[in-house]
Structure formats: structure tokens, C-alpha cells
């Protein structure tokens, strides 16, 4: 029996695991922000789906993390997702991931 799993579903699982690890204090917020950004940009995950995952993890009784701590950490993630939606698509360096204004340092002329 073959089970078909899309890359989008795998990315959602990756996001969910990262969020749980962030709630438990195993990874910093910046790592989760990178995972969320990559899932949205590369795998077609919608910000609404990530908000749903965060909401489910806040309510999950299986986590041994105080609910107040989960809500506090979720607030910063939700703010980041809102900022992602409002920011226009910036030019991104394919090598280092820098996003922002690029300045042309030198123009070359071949003879």
C-alpha cells in the first residue's frame, strides 16, 4: 500500500514540530520564523493554515507547557505572520538570504 503525501503536508508537519519545540523552549523564535517563512514561500502553505496550527497547539492538552506561556509565545508568532502578510515581496539574495535594498557596486564592461 502506497501513501501519497504532498510536500505541502510535510511542510505543515515541519511547522507544527517547530512550533511545539519553540513553545517548550528548545529552539529560538528566529528559527521558527525561518521555518514559517520557508513553508510559505517555498511549499505553498497559507498563513491562515499556520495560524490554525498555532491555535491548535495552544489548546493541545497533551503538551506539558503552561497555557499562559504558550499564549505569550504564540502572540509573537502571530504578529510575525501578520507582518509577513503585509510586507511586499522583496528581492532576496539566493546565496545568503538577505532581503532589502541592493546597491550596485560596480558595473563591468567587457571589450
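The values are calculated or read from the model by the stated rules, or taken from the named source; none is laboratory data. Computed from a predicted structure; not experimentally measured. Please note: Cβ atoms are built from the backbone with ideal geometry, for glycine as well, and neighbour counts cover all protein chains shown.
When the residues of segment 49-61 are narrowed to those that are over 12 Å from the mean Cα position of the chain (by Cα) and part of a helix (DSSP H, G or I), which ends up surrounded by the most Cβ atoms within 10 Å (Cβ to Cβ)? Taking the candidates together, the pick is 57. Residues in segment 23-37 that are surrounded by 15 or more Cβ atoms within 10 Å (Cβ to Cβ) and not in a loop (DSSP other than H, G, I, E, B): 6 in all. Among the residues of segment 40-53, which ones are modelled with pLDDT under 90 and touching a helix residue (DSSP H, G or I) at 6+ places or on another chain (Cβ under 7 Å)? If the condition is that a residue be modelled with pLDDT under 90 and touching a helix residue (DSSP H, G or I) at 6+ places or on another chain (Cβ under 7 Å), then 40, 43, 44, 45, 47 are the ones that fit.
Could we say that residue 20 is in a helix (DSSP H, G or I) and under 24 Å from residue 96 (Cα atoms) here? Against the criterion (in a helix (DSSP H, G or I) and under 24 Å from residue 96 (Cα atoms)), residue 20 does not qualify.
Considering segment 62-111, the residues that are more than 19 Å from the chain's Cα centre (by Cα) and either under 16 Å from residue 33 (Cβ atoms) or part of a helix (DSSP H, G or I) (or both) include one that is modelled with the lowest pLDDT, namely 67.
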